[in-house]
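Worksheet: the structure to be examined is printed underneath.
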Amino acid sequence: MNAVDVVAAARRRGAVRARSVTLALLLAIVVVFALSLAVGDFPVPLGDLPGLLFGGEGVGRAAYVVTELRLPRAVTGVLVGVAFGTSGALFQRLLRNPLASPDVIGVTQGASAAAVVAIVLFGAGGAVVSAAALAGALLTGATIYLLARRGGVHGYRLVLVGVGVGAVLTSVVSYLMTWADVTLAQQALVWLTGNLNGRGWDHAGPLAAALVVLLPAALLLGRALTGLQLGDDTAAGLGLDVERSRVTLLLVAVALAAFATAAAGPVSFVAFVANPIATRLVGGARAGLVPAALTGALVVLLGDFAAQHLLGAQLPVGVVTGAVGAPYLLWLLATANRAGRM
């Protein structure tokens, strides 16, 4: 067998593994999604779910609990996970830096600061807070890019600039929380944790509409992403407009994180861990954006299910994802330091 046949065989094995992992992730999401609809203070048999969702059995307490309370929350969780997972994968692969996720480089801190300003200073709620978070994330992303772009955007420079901007915004949030009214401060704190409680179709709808545009854009830009991962010189040699492609990908990544944060708050570390988990499952560089998106959805669903039913008290989903993601961040920093990469 010559070298070409070896490479072709390896690619076929990688494609088969990627498809298998994608199907397994989809199956796991369906299972956890069904459990999210069935388990609770008012249990619903799993066998009744198809009739309640698709069979027109929309009358009674079970139908109300499933379709009006649990279904919007679960759908929002899936959409938020998909958006964060895709955003994290775009950031990390584009900048070739495992630390480059929106909740590390300041994008979600921008959304948080804008949302807290809306809640504490203006007493806003609902859609106004979501709109403020969206605007804050987009503005912060643009600011970080402009501060980091001199001489070309490099992974570690953007991360360092983002960490600095995020620290400033975190200080703003802390200052506002110290003198805010207790009721408003509590409301802001719940939002800052990342929460799916009370999420309805008014939260899922705008995020779904955004994903209809942003996900195809991310997939279509996959060729440019692959080229940019090879380095600017190589990408330019392949005919790519490096700066334009990078700006477009960063805009899509920031928008995904912004809409997800607007829908559920800054659910911590989902964007950070989704891509590394998907890459390990699929096997190295063969991992595409779809496994990362599905991994993000599964992480959010599992985190929310654990927060609601497995910890003895109902907690925001961000508590669980933060408890999982923070140790991973420390492990990543420790191993990268030993390898001499930081």
Q: May I ask you to say which residue of ARG286, ARG244 is modelled with pLDDT under 90, more than 14 Å from GLY222 (Cβ to Cβ) and surrounded by fewer than 19 Cβ atoms within 10 Å (Cβ to Cβ)?
A: ARG244
Q) Which of (1) surrounded by 19 or more Cβ atoms within 10 Å (Cβ to Cβ); (2) over 18 Å from ALA133 (Cα atoms); (3) touching a Ser or Thr at 6+ places or on another chain (Cβ under 7 Å) is the odd one out, the single condition LEU192 does not satisfy? A) (2)
Q) farther than 18 Å from LEU99 by Cβ, modelled with pLDDT of 80 or more and assigned to a loop (DSSP other than H, G, I, E, B) - does that describe any residue in the stretch 293-300? A) no
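Among the candidates ALA83, ALA28, ALA24, single out the residue that is surrounded by 20 or more Cβ atoms within 10 Å (Cβ to Cβ), modelled with pLDDT of 95 or more, hydrophobic (A, V, I, L, M, F, W, C) and closer than 30 Å to THR226 by Cβ. Don't jump to the end; show me each part of the working.
On the way: ALA28 fails: surrounded by 20 or more Cβ atoms within 10 Å (Cβ to Cβ); ALA24 fails: surrounded by 20 or more Cβ atoms within 10 Å (Cβ to Cβ).
Being surrounded by 20 or more Cβ atoms within 10 Å (Cβ to Cβ), modelled with pLDDT of 95 or more, hydrophobic (A, V, I, L, M, F, W, C) and closer than 30 Å to THR226 by Cβ holds for just one of ALA83, ALA28, ALA24, which is ALA83.
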Q: Could you list, in sequence order, all residues of the stretch 209-227 that are surrounded by 18 or more Cβ atoms within 10 Å (Cβ to Cβ) and under 16 Å from SER87 (Cα atoms)?
A: ALA210, LEU211, LEU214, LEU215, ALA218, LEU221, ALA224, LEU225
Q) In the stretch 165-222, which residue that is at pLDDT 90 or above and of a type in the set (D, E, K, R) is nearest to the chain's Cα centre (by Cα)? A) ARG199
(Q) So, in the stretch 140-153, how many residues would count as being surrounded by fewer than 18 Cβ atoms within 10 Å (Cβ to Cβ), in contact with a helix residue (DSSP H, G or I) (Cβ under 9 Å, 6 or more places away or on another chain), of a type outside the set (S, T, N, Q) and at pLDDT 65 or above? (A) 4
Q.
Take LEU330 and tell me if it is surrounded by fewer than 21 Cβ atoms within 10 Å (Cβ to Cβ), in a loop (DSSP other than H, G, I, E, B) and at negative phi.
A. no
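Being in a helix (DSSP H, G or I), more than 26 Å from ALA185 (Cα to Cα) and of a type outside the set (Phe, Trp, Tyr) is the filter here; which residues of the stretch 108-163 pass it?
Going through the stretch 108-163, the residues in a helix (DSSP H, G or I) turn out to be 108-122, 127-148, 155-163.
Retained after the next criterion (residues that are more than 26 Å from ALA185 (Cα to Cα)): 142-148, 155-161.
The answer is ALA142, THR143, ILE144, LEU146, LEU147, ALA148, GLY155, ARG157, LEU158, VAL159, LEU160, VAL161.
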Q.
Between a residue in the stretch 154-180 that is in contact (Cβ under 8 Å) with a residue 60 or more places away in the chain and any residue that is among the aromatic types (Phe, Trp, Tyr), which pairs come within a Cβ distance under 9 Å, given they are 6 or more apart or on different chains?
A. LEU158/PHE91; LEU158/TYR145
Q: Any residue in the stretch 106-119 that's surrounded by 24 or more Cβ atoms within 10 Å (Cβ to Cβ): show its pairings with residues that are of a type outside the set (Ser, Thr, Tyr) and not in a helix (DSSP H, G or I) at Cβ separation under 6 Å, as long as the two are six or more apart or on different chains.
A: THR108/PRO102; THR108/PRO266; SER112/PRO266
Q) Any idea which of (1) part of a helix (DSSP H, G or I); (2) modelled with pLDDT under 90; (3) buried (at least 21 other Cβ atoms within 10 Å of the Cβ) is the one GLN92 doesn't satisfy? A) (2)
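The values are calculated or read from the model by the stated rules, or taken from the named source; none is laboratory data. Predicted model only: the values in this text are computed from it and were never measured. Reconstructed Cβ throughout: ideal geometry from the backbone, glycine too, with neighbour counts over all protein chains shown.
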